[in-house]
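The values are calculated or read from the model by the stated rules, or taken from the named source; none is laboratory data. All figures in this text were calculated on a predicted structure; none of them were measured in a lab. Counting neighbours? That spans all protein chains shown, and the Cβs are built from the backbone with ideal geometry, glycine included. We work out accessible area using only protein heavy atoms, side chains counted, and drop any ligands, DNA or RNA first. Shrake-Rupley method; radii C 1.70, N 1.55, O 1.52, S 1.80 Å.
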There are 2 protein chains.
Amino acid sequence: MDKVQEWNALAAQLAVDGIRASTEAGSGHPTSSLSAAHLLAVLYADHLRYDVSDPRNPANDRFVLSKGHASPLMYSVLKAIGAITDEQLMTYRRFGSPLEGHPAPVPGMAWIDVATGSLGQGLPIGLGMALAMKLDTNPARVWVLMGDSESAEGSVWETMANASFHGVDNLIAVLDMNRLGQRGPTMLQWDGDAYADRARAFGWLAIQVDGHDVAAIDRAYGEAEEAGRPVLIVARTEKGHGVSLVANQEGWHGKALSKEEAEQAIAELGGPRSMVITPPKPEARIAPPPTPWTFELPTYEEGIATRKAFGETLAAMAARPDLVVLDGEVSNSTHTEDFQRVAPDRFVELYIAEQCMAGVAVGLQALGKTVFAATFGAFLTRAYDFVRMAAVSRADLRLSGSHAGVSIGEDGPSQMALEDLAMMRAVHGSAVLYPADGNAAAKLTWAMAERPGISYIRTTRENTPKLYDASEEFPIGGSRVLRRSDADRATVVGAGVTVFEALKAADALDAEGVAVRVIDAYSVKPIDAETLRTALGETGTVVVVEDHWVEGGLGDAVLEALAAGGELSGRVIKLAVTGLPGSGTADELREAAGISAAAIAETVRGVPGT
Amino acid sequence: MDKVQEWNALAAQLAVDGIRASTEAGSGHPTSSLSAAHLLAVLYADHLRYDVSDPRNPANDRFVLSKGHASPLMYSVLKAIGAITDEQLMTYRRFGSPLEGHPAPVPGMAWIDVATGSLGQGLPIGLGMALAMKLDTNPARVWVLMGDSESAEGSVWETMANASFHGVDNLIAVLDMNRLGQRGPTMLQWDGDAYADRARAFGWLAIQVDGHDVAAIDRAYGEAEEAGRPVLIVARTEKGHGVSLVANQEGWHGKALSKEEAEQAIAELGGPRSMVITPPKPEARIAPPPTPWTFELPTYEEGIATRKAFGETLAAMAARPDLVVLDGEVSNSTHTEDFQRVAPDRFVELYIAEQCMAGVAVGLQALGKTVFAATFGAFLTRAYDFVRMAAVSRADLRLSGSHAGVSIGEDGPSQMALEDLAMMRAVHGSAVLYPADGNAAAKLTWAMAERPGISYIRTTRENTPKLYDASEEFPIGGSRVLRRSDADRATVVGAGVTVFEALKAADALDAEGVAVRVIDAYSVKPIDAETLRTALGETGTVVVVEDHWVEGGLGDAVLEALAAGGELSGRVIKLAVTGLPGSGTADELREAAGISAAAIAETVRGVPGT
């Protein structure tokens, strides 16, 4: 069998298996799989350098199925390369099967690096992988299969711009231009010139090809491999190709064929096959760099902004060779510039493109990097879908959001992170940290680097006084009790800037003979439930004060922890931002929001019995 | 004084006033204002058709300062057109002043339509305004001043694609290419050809101009006005132009000049001026269409998916002429296609570009439209920054998120909205609604249309049984008590799909002789605190069950409401999604998440005393 015959036969097998799996499941996207069967047949048979038995081999080329709904095709490929059995293929979409509706790196699915299914994410993730290879002078390549509909997502164009700007030459995107989106024709339908022109304007090489002509696909892949720059292959395809019932027909998106329809389609495609192919071998496995490294955390004897302590801690940790830091063009605000200064080769400026930044972070960590990404906390909202999906990817993603709350002052509400704690709490497995001073910030930044999963550190624009000695420890999940006596008549829980307001309020109340406990809940999630429950039990009243909307933040976290302890008894009062702030000084805005020391003291005075 | 002299003098006044205001405030962005002074001088003096005394006149052209940090320039323009006094200008960034750090339509700032300050939002908002004008056959135009840095945001390219696709000819974007971003050079610096090529590839007319040559600017504006398509004017400028200390210098982003520096700069610019100009008059005020309209809400006698009821309600309300519906290419999933079918001219398909969709919604409502925008709840995370900013814009924004929770089943976690309640609760002034059946969905969709501010309706993929008669009312902020007796030993609070699980659990417990109260908390925010407090007081235990992450959703809302009532006494148990779900049937996944009827019943059985 010559190459062309082999590729076509393999493509037919992938098509058939995609139909079989989705019909067996009773749902899925066979037509979106059919359009790309030839593209993946040629790729896996002769271009992707991939060791199936060692999918974590860093020398492997990487493949990202950005159009994650074409999962029947992906799993059919895994069968064809001998990664899974036909029996496993038939568990597609069943409860407990690793063959989920959209691919994800669940246990048993070692050949999938990242989760997809939210469109426009594969390309930024692919860029992150390509950058990781460059950092390691690893000659591997990244291939991304995109849908045409997803080119409407801005994250694609953020990445097109950043990839060419950063001179990446190992990223090849294949656009499956099958003309039909979920509910009808795409914006550009089969206008391949338009896609190509856009890619070229963004600095990419663009190649147009008939996506069902395997020899042409092979030539295009070969050209792309030698391009020396990022490449978009625009492949004109038919949705549902090869099955006359559905080919190029509207109304078949995301619909499995019935058993009878499937039988007919499979016959039309030449019946089931059981070819097993071996992709080209990657180069020899690259040894991980032998790198003993040590560093010393910065320590602070004076007040400092926690954002500055965060940046200096990154800089101190730069000795760690897997550490990579990303920023969204605000490195002099987030202070990642301190890292850039000492490790410019491992700092990636992604400009004002927060989605791309988060996707790049996911891609980098998939290849073993320890990644921090930073911008204003308010602008991380831009990347929420990526953060959500990073959790599905089981990714280790470390985010820093500066400029928290009304305390930023004059810049006004557009720049104030007031929903970041809520947003980051509602992410699977996340840690949400909010240090009050420089020493706590340094310790928590280090703790993030050591912690798998998704973590977030909220930092403050203004300088805050030194509160802790550099020797003190801040385990994730802990808290610090700053004032405590047996006579405490209430507890004030703060985090970040409001810890200082709480302490001032405690001093004022103390002068009036009212003792209050003060807790620094620097770990908003997981939160130190035991200390909080003890405090409620002993003092009867907990006042939570936060520079954040009243919904979803520290107050809700405290309530959740208290409720989880069983019978509730006592009073929990939330002080948080409820009115829309404007400009002003930090003190004016905290006062107006009712989260100042004066507001806390007044609240405690109003509690019956104090 | 000839035109050129007049424009230059006006530009110098704007430059001086921007410096005066920011130096007086001690913060702000004078250099980013200086680069665009000539561009706005020519625009306001001779191109923007604008009635200063009637800023809400729909016949006005609209101006959006997408680079919102150039607020000193914006307010200087407002002084020059006589909208504000010099004394008001000097209140810039002070607490209580309507001249906030970034422009927002606060009381006293009638000349600002929408808030800016998060970059990349002005263009999608401008597209929404342009579409509103088209719908009203209003010959007005929209002008958007963009920064060069913000072109890195994907939302800009989502909008470039959609604007040309929708054939808009009344949208002119002016890109202030001043070469310098916050922390150094932009990606493209002064490569005007690159910007122009990208715009052309996206179907726009691109014009390059020297942004300090007023005559050339005037010609470019004239050409743009006649273009018959969307136009990007790439204006080469200098950051800090006209002030030798800062012109084209790095390190001056976002820094006010000192008093001494300002004095010298003002002298260099020819000293203070007090020109007052009158922009060209708009056409006569367009009368609002005299449209008495009536409609009947759909009613349901059988079970239906709430997403379908939502779509049918939009269709029923189509008689309302100001109603416009947007979708992100999933209208057959969200069921906005039902509206499209009856009012295709007021349905706007924005393809898979959720940020653009949200921005367009804000632009449409700024010109008086009542807008609903829909996509999968999971993918609204993509638009969170826009939703956050819409609140700062005091916008009326109505969002619908379909495919909530693990209950979507086989598609898996990438498609499941599990953080949408948390996200939408943490938006200023929002309402968060989650109907259980078709009749409730119809009533709540209507209630959203009537409610100002930001509201969100969460809908369900699967059919749910009929629970309510069509005659029942569902006020926002209310709840429905579905089971109640004096013997209730616990209360189960659900919303949406979990209401049915709660009822099944109640039936099972009833058979065992355990009476439980069941509450449908269809209004998650504002929540019916009184009913919840009564329930806790009377039954001693509240079990909250939700198809959402345990953080930030219904459980936190219930706890907040209970805590706000004062002394807490009782038990609150949250059942929610904690593990990462996979694929499976809705029932399998609810069971696995511990939010099924069986899990609820088991939880109630475990409560001491029941």
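Figures for the structure shown
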| read-out | value |
| --- | --- |
| Hey, A:ASP193 in a strand (DSSP E or B) and either at pLDDT 95 or above or not acidic (Asp, Glu) (or both) or not | no |
| Segments classed as helices (runs of 4 or more DSSP H), wholly inside the stretch A:520-597, with at least 3 members that are within 9 Å of chain B (Cβ to nearest Cβ) | A:554-563, A:586-593 |
| Residue count, the stretch A:317-334 (criterion: within 12 Å of another protein chain (Cβ to nearest Cβ) and under 21 Å from the mean Cα position of the chain (by Cα)) | 6 |
| The stretch A:518-533: number of residues that are open to solvent by less than 10 Å² (accessible area, probe 1.4 Å) and within 14 Å of A:THR491 (Cα to Cα) | 5 |
| Residue among B:LEU78, B:LEU48, B:LEU123 that alone is open to solvent by less than 10 Å² (accessible area, probe 1.4 Å), in contact with a Ser or Thr (Cβ under 8 Å, 6 or more places away or on another chain) and modelled with pLDDT of 95 or more | B:LEU123 |
| Failed criterion for B:GLY254 (all others in (1) modelled with pLDDT of 95 or more; (2) out of contact with any strand residue (DSSP E or B) (no Cβ under 6 Å at 6 or more places or on another chain) hold) | (1) |
| Top-ranked residue in the stretch A:135-157 [being more than 21 Å from the chain's Cα centre (by Cα) and open to solvent by 30 Å² or more (accessible area, probe 1.4 Å); ranked as farthest from the other protein chains (Cβ to nearest Cβ)] | A:PRO139 |
| Hits in the stretch A:395-451 (condition: of a type in the set (Ser, Thr, Tyr) and more than 14 Å from chain B (Cβ to nearest Cβ)) | A:SER400, A:TYR434, A:THR445 |
| Condition check for B:SER471: assigned to a loop (DSSP other than H, G, I, E, B), exposed (fewer than 15 other Cβ atoms within 10 Å of the Cβ), in contact (Cβ under 8 Å) with a residue 24 or more places away in the chain and out of contact with any Pro (no Cβ under 8 Å at 6 or more places or on another chain) | no |
| Qualifying residue in the stretch A:167-188 (condition: within 8 Å of chain B (Cβ to nearest Cβ), of a type in the set (S, T, N, Q) and under 19 Å from the mean Cα position of the chain (by Cα)) | no |
| From the options A:MET129, A:MET160, residue that is more than 10 Å from chain B (Cβ to nearest Cβ), assigned to a helix (DSSP H, G or I), open to solvent by less than 30 Å² (accessible area, probe 1.4 Å) and in contact with a Gly (Cβ under 8 Å, 6 or more places away or on another chain) | A:MET129 |
| Count of residues meeting criterion [more than 23 Å from A:GLU301 (Cβ to Cβ), surrounded by fewer than 24 Cβ atoms within 10 Å (Cβ to Cβ) and small (Gly, Ala, Ser)] in the stretch A:447-460 | 2 |
| Sole exception among (1) within 14 Å of chain A (Cβ to nearest Cβ); (2) buried (at least 22 other Cβ atoms within 10 Å of the Cβ); (3) in a helix (DSSP H, G or I) for B:GLU24, by number | (2) |
| Members of the stretch A:207-224 found to be surrounded by fewer than 16 Cβ atoms within 10 Å (Cβ to Cβ) and either within 17 Å of A:LEU40 (Cβ to Cβ) or aromatic (Phe, Trp, Tyr) (or both), listed by number | A:ASP210, A:ALA215, A:ARG219, A:GLY222 |
| Odd one out for B:ALA353, checked against (1) in contact with a helix residue (DSSP H, G or I) (Cβ under 9 Å, 6 or more places away or on another chain); (2) over 30 Å from B:TRP157 (Cβ atoms) | (2) |
| Test result for A:SER32, of a type in the set (Gly, Ala, Ser), more than 12 Å from A:ARG273 (Cα to Cα) and either without any contact (Cβ under 8 Å) to a residue 60 or more places away in the chain or not in a helix (DSSP H, G or I) (or both) | no |
| Residue within the stretch B:385-394 that is touching a Leu at 6+ places or on another chain (Cβ under 7 Å), of a type in the set (A, V, I, L, M, F, W, C) and away from chain A (no Cβ under 13 Å) present | no |
| Of all residues in the stretch B:108-126 being more than 15 Å from B:TYR75 (Cα to Cα) and of a type outside the set (Gly, Ala, Ser), the one that is nearest to the other protein chains (Cβ to nearest Cβ) | B:LEU119 |
| Residue match in the stretch A:375-383 (condition: in contact with a helix residue (DSSP H, G or I) (Cβ under 9 Å, 6 or more places away or on another chain), closer than 16 Å to A:GLY453 by Cα and either free of Cβ contacts under 8 Å to residues at least 60 places away in the same chain or surrounded by 24 or more Cβ atoms within 10 Å (Cβ to Cβ) (or both)) | no |
| Members of the stretch B:417-446 found to be in a helix (DSSP H, G or I), open to solvent by 10 Å² or more (accessible area, probe 1.4 Å) and either under 28 Å from A:ALA576 (Cα atoms) or charged (D, E, K, R) (or both), listed by number | B:LYS443 |
| Failed criterion for A:LYS466 (all others in (1) within 11 Å of another protein chain (Cβ to nearest Cβ); (2) surrounded by fewer than 24 Cβ atoms within 10 Å (Cβ to Cβ); (3) not in a helix (DSSP H, G or I) hold) | (1) |
| Residue, least open to solvent (accessible area, probe 1.4 Å), within the stretch B:85-97, restricted to residues that are more than 17 Å from B:VAL52 (Cα to Cα), more than 8 Å from chain A (Cβ to nearest Cβ) and part of a loop (DSSP other than H, G, I, E, B) | B:TYR92 |
| Unmet criterion (only one of (1) more than 10 Å from chain A (Cβ to nearest Cβ); (2) free of Cβ contacts under 8 Å to residues at least 60 places away in the same chain) for B:THR237 | (2) |
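Each row is one residue, and each column tells you yes or no for (1) more than 28 Å from A:PRO30 (Cβ to Cβ); (2) among the acidic types (Asp, Glu).
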{"position": "A:MET160", "(1), (2)": "yes, no"}
{"position": "A:ASP210", "(1), (2)": "no, yes"}
{"position": "A:GLU223", "(1), (2)": "yes, yes"}
{"position": "A:GLY242", "(1), (2)": "no, no"}
{"position": "A:LEU245", "(1), (2)": "no, no"}
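Listed here are the residues, each with its yes/no results for (1) within 11 Å of chain A (Cβ to nearest Cβ); (2) without any contact (Cβ under 8 Å) to a residue 12 or more places away in the chain; (3) assigned to a strand (DSSP E or B).
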position: B:ARG200; (1), (2), (3): yes, yes, no
position: B:GLY203; (1), (2), (3): yes, no, no
position: B:ALA206; (1), (2), (3): yes, no, yes
position: B:TYR221; (1), (2), (3): no, no, no
position: B:ARG229; (1), (2), (3): no, no, no
position: B:SER244; (1), (2), (3): no, no, no
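Rundown of residues vs (1) crowded, with 20+ Cβ neighbours inside 10 Å; (2) over 25 Å from B:LYS525 (Cα atoms), yes/no style:
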residue	(1), (2)
A:GLU551	yes, no
A:ALA561	yes, no
A:ALA564	no, no
A:VAL572	yes, no
A:THR578	no, no
A:GLY582	yes, no
A:ALA592	no, no
A:ALA601	yes, yes
A:VAL604	yes, yes
